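The values are calculated or read from the model by the stated rules, or taken from the named source; none is laboratory data. Fair warning: this is a prediction, and the values are worked out from it, not measured in the lab. Counting neighbours? That spans all protein chains shown, and the Cβs are built from the backbone with ideal geometry, glycine included.
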Amino acid sequence: MTSKVTYLGGLRTESTHIKSGNSFHTDAPVDNNGKGKAFSPTDTVATGLASCMITVMGIKARDLGIDMTGTTAHVTKTMASNPRRISKIEVILEFSFEADDKTRKILERTANTCPVHYSLHPDIEKDIMFNWN
């Protein structure tokens, strides 16, 4: 088992990672009857894409002898209706280190082939921007 999700009432859940015991809450967003006081479930999906991209780039960077500490991703999620769904995820990656063209291409290719990227429905537009120093 990967995780356990518990409904806390008031359109809030608690998700607990079984192996580590770490947890986080989600709330329904304000535009869908919620309080918006935490990530919404769809926020976690969009954020998961950026987290996955940075993680696999971190693995590749480590193999190349590069420290990616301080690299950030800014995520914007766009929703559609009928049915309500994620229609677009924008990720802007800001790098904390210098890299030559070859390294940039390797890391960008790695990011765009992360497991979450491949797992998202093809109808979800993915707008990825890499901002190098």
Near pairs, Cβ below 7 angstrom, 6+ apart or cross-chain, from the stretch 4-23 (exposed (fewer than 10 other Cβ atoms within 10 Å of the Cβ)) to any residue that is hydrophobic (A, V, I, L, M, F, W, C) and modelled with pLDDT under 95: none
Spans of strands (runs of 3 or more DSSP E) in the stretch 18-133 with at least 2 residues more than 30 Å from M1 (Cα to Cα) and in contact with a Leu (Cβ under 7 Å, 6 or more places away or on another chain): 125-131
Test: residue in the stretch 7-14 that is at pLDDT 95 or above and within 21 Å of M129 (Cα to Cα): no
Number of the exception - T47 against (1) surrounded by 12 or more Cβ atoms within 10 Å (Cβ to Cβ); (2) more than 21 Å from T13 (Cβ to Cβ); (3) not aliphatic (A, V, I, L, M): (2)
Single residue of T26, T76 found to be within 30 Å of L8 (Cα to Cα), of a type in the set (S, T, N, Q) and crowded, with 17+ Cβ neighbours inside 10 Å: T26
Subset tally (residues that are of a type in the set (G, A, S) and touching a residue at least 12 places away in the same chain (Cβ under 8 Å)) for the stretch 59-92: 4
